[in-house]
1. Considering only protein heavy atoms and a probe of 1.4 Å, how much of the accessible area of the chain is carbon and sulfur, as a whole percent?
2. Under a 1.4 Å probe, what is the accessible area of the chain per residue, stated in Å²?
3. Under the Kirkwood approximation for Rh and a Cα-based Rg, what ratio Rg/Rh is obtained for the chain?
4. Over what distance in Å are the Cα centres of region 15-61 and region 114-136 separated?
5. Can you compute the modelled spin-label distance between Ala132 and Tyr55, with each label point 7 Å from Cα toward Cβ, in nm?
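The values are calculated or read from the model by the stated rules, or taken from the named source; none is laboratory data. Note that this is a predicted model, so its numbers are computed, not measured. Neighbour counts are summed over all protein chains in view; Cβ atoms, including those assigned to glycine, are modelled from backbone coordinates with ideal geometry. Side chains are part of the model used for accessible areas, which takes the heavy atoms of the whole protein and leaves out ligands, DNA and RNA. Shrake-Rupley method; radii C 1.70, N 1.55, O 1.52, S 1.80 Å.
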Amino acid sequence: MVSQERDIGREPCPDRIVEDLGGAFGMGCIGGFLWHMVKGMRNSPKGERWVGGLYSARSRAPILGGNFAVWGGTFSAFDCSLQYIRQRDDHWNAIASGFLTGGVLAARGGWKAASRNAVVGGVLLGIIEGVAALIMRTTTQTPREQALQALEAEKMMREEREKMGNANNSW
C-alpha cells in the first residue's frame, strides 16, 4: 500500500493522470488566451486591435493548452509510475518526474537537448517542491504545539466550568 502522506485530497493514481491532463489543458488554454490576446492586440493596427487580439487568441490558445496537457500528462504518468515503483508518495517522485518529463519531451532534439531539459525540469520541480515543503512547514503546527494548544484549551474549559459552578452556587 502506498502511503498517502503528501497529497491526501488528490485522486488515486490512474484517475490522477486524466485529471492532471485536463487541468493542464485548461490552464494552458486560459493562460494562452490571455497571452495571445495581448500579443495580438499589440501587433494589430490601431482600429483593429480587438479583432486582431481575438483572432490571435482564438487560433493560438488551444495549441498552448495542448502543449501544457502533454507536459502535465507526461509528468503525472511518471509521478504515478514512480509512486508505484517506490511504494511511497513523496517530493522525490515529483522531482524525478520533472527530470524525466523534461528529458522525454526534448528527446527529439538529441541527447544534448534532452539531458539539458531533463536537468532544467528536475531543478524546476526541486524548487517548486522545496518552496511547497517550506510553506507547509511554516504554516502547520508540530505535534508538540498541537498538544500544548489542546492542554491550554482544556485548562480554559476547566476555568469556565469553575466560573459557571461558582455562578450557579451564588443563587
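1. Reported share for carbon and sulfur atoms: 65 percent.
2. On a per-residue basis, 73 Å².
3. My calculation of the ratio gives 1.27.
4. When both Cα centres are located, 26 Å separates them.
5. 4.1 nm
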